[in-house]
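These notes are about the structure you will find just below.
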Amino acid sequence: MNSPKLVATGCLVTLTVAALTYIYWLHRKRSRSQANMKVIVPRLRNQDEVKDMKWEHVGRVAKLYIYPVKSFAPVNVKTAQTGQCGLVSGSLRDRSFMVVSDKGKMITGRQIPRLVLVRPAVDGNTLTLSYFNKVDLTVDLSQVEDTNTRVTTEVWNDRVVGLDCGDECASWLEGIIERKCRLIYHASLPATRSTDIPAGYKYPLLRHDDQSLYADLNSYMLMTDESIADLQTRVPGCKLHPVNFRPNILVEGTPSAFHEDMWKYIKIGDAVFRNVKPCSRCIFTTIDSRTGKKDPNMEPLRTLRKYRCLDKDEPTTPHFGINLGLDLPGLLREGDDIYVATVLCKQLNRA
């Protein structure tokens with residue numbers, strides 16, 4: 001019969017081995033996770049590589065939207081260039097302005113739904129803001145740059161900087177949102193944000209340098225009419241409009257609803273994008289872009305949660321639309337055909 005001392009020693013050895021095994025397993029798991037996070041997804045480098053790929057027609061560009069001011073109304077443009085930080089059309093740049101509190105905290109339509117009713121326009125160095133019966137506000141952006149009053153804030157934990165657009169602009173906006181605020185302008189400041197998704201292995205086409213100015217995640221978001229129509233059949237009492245979902249590229253004529261979920265590389269004209277991550281949806285979807293009011297029944301977010309929560313790690317966060325990263329720039333036009341890659345080039349197959 002084993003003595004109590006031997007039994008205790010055996011148990012201690014067993015526990016030590018088990019603990020060391022667990023520590024080794026945890027280290028290996030963390031190392032694999034970190035390795036996944038550091039993977040650099042190759043970009044398509046030129047049009048010759050595009051020619052090596054096979055493409056399938058999946059629809060057309062129905063609308064192009066630029067949101068010069070985060071959470072404000074969009075500007076529908078007929079053509080736009082693809083910049084690394086979003087769509088550009090003349091003096092318009094996507095999400096190049098943002099409202100912040102007097103303490104420097106980001107303010108969006110989530111807190112102040114009527115922000116979606118403020119209409120921006122940018123002509124050369126002049127920003128014009130319009131809101132119902134208020135006298136239009138004009139801001140001289142060259143003066144804003146000359147004054148160079150910098151404001152530091154955050155967009156979802158990303159540190160960003162902007163130039164203060166002045167007291168008159170702040171007072172005009174305060175009359176609408178009824179709280180102290182400032183408007184900041186990205187101007188020609190360096191784009192310092194980098195995409196940091198811890199679960200990098202879940203989004204293999206996401207690059208750390210898929211940048212944006214003041215957008216939530218990255219520089220492009222694509223929606224399809226067919227997916228919106230599918231959602232509309234499920235919420236007949238809630239009139240949906242594409243702008244409620246804030247797309248940059250609205251697509252029509254796709255084979256089916258949510259066909260875009262399966263796309264990897266997307267070609268529009270000479271521009272080529274990557275589908276980097278499904279678009280996570282929040283309370284913003286409940287704001288009617290035409291009235292600036294939230295739906296009293298929390299629709300369509302409530303319905304989206306019933307059938308579009310695709311990530312087990314985010315059981316209450318639905319996905320609707322896709323975020324895009326840009327590989328090759330080009331000119332986009334309303335009516336352009338859209339293609340998705342069915343066969344990748346050899347370089348991408350090796351990656």
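The values are calculated or read from the model by the stated rules, or taken from the named source; none is laboratory data. Worth saying up front: this structure is predicted, and the values here are computed from it rather than measured. A quick note on method: Cβ atoms are made from the backbone with ideal geometry, for glycine too, and the neighbour counts reach across all protein chains shown. All accessible areas refer to the heavy atoms of the entire protein, side chains included, with ligands and DNA or RNA removed. Shrake-Rupley method; radii C 1.70, N 1.55, O 1.52, S 1.80 Å.
Key figures for this structure:
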item: Test result for Thr316, touching a residue at least 12 places away in the same chain (Cβ under 8 Å) and under 29 Å from Arg114 (Cβ atoms); result: no
item: Close pairs from segment 112-134: first over 15 Å from Met98 (Cα atoms), partner part of a strand (DSSP E or B) and of a type in the set (Gly, Ala, Ser), Cβ under 8 Å, at least 6 apart; result: Ser130/Ala121
item: Any pair with Cβ under 6 angstrom, 6 or more apart, that starts in segment 180-199 at a residue that is modelled with pLDDT of 90 or more and ends at one that is surrounded by 12 or more Cβ atoms within 10 Å (Cβ to Cβ) and part of a loop (DSSP other than H, G, I, E, B); result: Leu183/Cys165; Tyr185/Cys165; His186/Ser96; His186/Leu213
item: Candidate set: segment 149-159, residues that are open to solvent by 70 Å² or more (accessible area, probe 1.4 Å) and out of contact with any strand residue (DSSP E or B) (no Cβ under 6 Å at 6 or more places or on another chain); chosen: the one nearest to Thr285 (Cα to Cα); result: Trp156
item: Conditions (1) on the phi < 0 side of the Ramachandran plot; (2) in a loop (DSSP other than H, G, I, E, B); (3) more than 16 Å from the chain's Cα centre (by Cα): number failed by Arg193; result: (3)
item: Criterion violated by Val251 - all others in (1) open to solvent by less than 20 Å² (accessible area, probe 1.4 Å); (2) in contact with a helix residue (DSSP H, G or I) (Cβ under 8 Å, 6 or more places away or on another chain); (3) in a loop (DSSP other than H, G, I, E, B) satisfied; result: (3)
item: Check on Asp167, open to solvent by 50 Å² or more (accessible area, probe 1.4 Å), closer than 22 Å to Arg114 by Cα, touching a Leu at 6+ places or on another chain (Cβ under 8 Å) and charged (D, E, K, R); result: no
item: Sole residue being open to solvent by less than 10 Å² (accessible area, probe 1.4 Å), assigned to a strand (DSSP E or B) and of a type in the set (Val, Ile, Thr), chosen from Val58, Val88, Val50; result: Val58
item: Residue within segment 110-131 that is hydrophobic (A, V, I, L, M, F, W, C), assigned to a loop (DSSP other than H, G, I, E, B), touching a Leu at 6+ places or on another chain (Cβ under 9 Å) and open to solvent by 20 Å² or more (accessible area, probe 1.4 Å) present; result: no
item: Extreme residue, farthest from the chain's Cα centre (by Cα), among residues of segment 259-283 that are surrounded by fewer than 19 Cβ atoms within 10 Å (Cβ to Cβ) and within 21 Å of Leu301 (Cα to Cα); result: His259
item: Any hit, segment 316-334, residues being within 15 Å of the chain's Cα centre (by Cα) and assigned to a helix (DSSP H, G or I); result: no
item: Enumeration of residues in segment 225-239 that are of a type in the set (Lys, Arg) and assigned to a helix (DSSP H, G or I); result: Arg234
item: Any hit, segment 208-224, residues being in a helix (DSSP H, G or I), at pLDDT 90 or above, crowded, with 19+ Cβ neighbours inside 10 Å and among the polar types (S, T, N, Q); result: no
item: Count of residues meeting criterion [of a type in the set (Val, Ile, Thr) and touching a residue at least 24 places away in the same chain (Cβ under 8 Å)] in segment 224-247; result: 3
item: Looking only at segment 178-190, and only at residues there that are part of a strand (DSSP E or B) and not hydroxyl-bearing (Ser, Thr, Tyr), the one that is most open to solvent (accessible area, probe 1.4 Å); result: Arg182
item: Test set (1) modelled with pLDDT under 90; (2) open to solvent by less than 20 Å² (accessible area, probe 1.4 Å); (3) among the small types (Gly, Ala, Ser) - Ala73 fails condition number; result: (1)
item: Single residue of Gln143, Gln81 found to be assigned to a strand (DSSP E or B), open to solvent by 80 Å² or more (accessible area, probe 1.4 Å) and not aromatic (Phe, Trp, Tyr); result: Gln81
